[in-house]
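As structure tokens, the structure follows; a few thoughts come after it.
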Amino acid sequence: MHLQKYIYLLSLLCTAKIEVSEFETQFMQIKAGDEYWNSRIFDEKIAQVLDALFLDVRDYSLDYLYDRNDFINVNLISFNEAEVRIKAQEALKN
């Protein structure tokens, strides 16, 4: 039951029913209020998948803001829309 909201949201993104920006907003809102996730009760493998997805979503930037030539922030990790979609598909498979 605790995973259903994430699976549903991931499936919406992976079937292109929502945009990455909407996924990001909803995912971060759900995660922020998820006491079950914050209690660290998830199975270890599930926790690893969700934690990795959280980091990818957190580091997401809109394509037009994503600049690989930004030498000032070259050490910062950021993902564009295509990369977030790939990570979401991988998370859904796991």
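At 7 Å along Cα-to-Cβ for each site, give me the label-to-label distance between Ser39 and Glu90 in nm.
That separation, rounded to one decimal, is 3.0 nm.
Label-point separation (nm) for Gln48 and Lys17, each offset 7 Å from Cα along Cα-to-Cβ?
Simple spin-label model gives 3.0 nm for this pair.
Assuming 0.36 nm per residue, please report the length gained on full extension of the stretch Ala32 to Met1 beyond their Cα-Cα distance. Can you show the working numbers first?
On the way: separation 31, 0.36 × 31 = 11.16 nm, distance 1.72 nm.
So the chain would gain 9.4 nm between Ala32 and Met1.
Using DSSP to call loops (not H, G, I, E or B), can you name the trypsin sites (Lys or Arg not before Pro) in the stretch 1-37 whose Cβ has at most 16 other Cβ atoms within 10 angstrom?
Values: sites: Lys5, Lys17, Lys31; in loops: Lys17.
For trypsin sites (Lys or Arg not before Pro) across the stretch 1-37 that sit outside H, G, I, E and B with at most 16 neighbouring Cβ atoms in 10 Å, the list reads Lys17.
Laboratory data are not the source of any read-out in this text; all were calculated from the coordinates shown. All values derive from a computational prediction rather than experimental measurement. Ideal geometry is used to build each Cβ from the backbone, glycine not excepted, and the neighbour counts take in all protein chains shown.
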